[in-house]
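The values are calculated or read from the model by the stated rules, or taken from the named source; none is laboratory data. These figures come from a predicted structure and were not determined experimentally. So basically every Cβ, Gly included, is an ideal-geometry build from the backbone, and we count neighbours across all protein chains shown. Protein only, heavy atoms only, side chains kept; ligands, DNA and RNA dropped before computing areas. Shrake-Rupley method; radii C 1.70, N 1.55, O 1.52, S 1.80 Å.
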Amino acid sequence: LVYRSLVHTRLADVVRQWAPSTCALLGKERLATDVAEFLASRRGVTTPYLRDVPREFVLQTSARWASDPS
């Protein structure tokens, strides 16, 4: 559980650094939830590069964001 928490936190930090305006709109709690769902929906990220994680995250979750009125 500690390792899982470290991975989730690190990936959320990378998304925050590369997509700050998106993260500001989402807020901390929503970002944490969306990152957790993103990681749970697949067997991890498909790229070995942290710089590609935000792109994968946004591509995968943007459809859900578009259908969410909030």
*Return the residue satisfying two criteria in turn: it lies in region 1-16 and is part of a helix (DSSP H, G or I) and of a type in the set (A, V, I, L, M), and of such residues it is farthest from residue 34 (Cα to Cα).*
2
*Mind listing whichever residues of region 14-35 are within 23 Å of residue 68 (Cα to Cα) and open to solvent by less than 30 Å² (accessible area, probe 1.4 Å)?*
15, 19, 23, 27, 31, 34, 35
*Considering only region 18-44, state which residues are of a type outside the set (Ser, Thr, Tyr), without any contact (Cβ under 8 Å) to a residue 12 or more places away in the chain and part of a helix (DSSP H, G or I).*
20, 23, 24, 25, 26, 28, 29, 30, 40
*Could you please give the count of residues in region 25-41 that are among the charged types (D, E, K, R) and in contact with a helix residue (DSSP H, G or I) (Cβ under 8 Å, 6 or more places away or on another chain)?*
2
_As an exercise: evaluate residue 47 against (1) open to solvent by 30 Å² or more (accessible area, probe 1.4 Å); (2) modelled with pLDDT under 90 and give the number of the one condition it does not meet._
(1)
*Just checking, which of 39, 59, 50 is over 14 Å from residue 7 (Cα atoms) and aliphatic (A, V, I, L, M)?*
59
*Please verify whether region 2-13 includes one or more residues that are surrounded by 14 or more Cβ atoms within 10 Å (Cβ to Cβ) and in contact (Cβ under 8 Å) with a residue 40 or more places away in the chain.*
yes
*Kindly list, by first and then second residue, each pair from a residue in region 50-70 that is under 12 Å from residue 35 (Cα atoms) to a residue that is open to solvent by 90 Å² or more (accessible area, probe 1.4 Å), limited to pairs with Cβ atoms under 7 Å and residues at least 6 apart or on different chains.*
54/18; 56/46
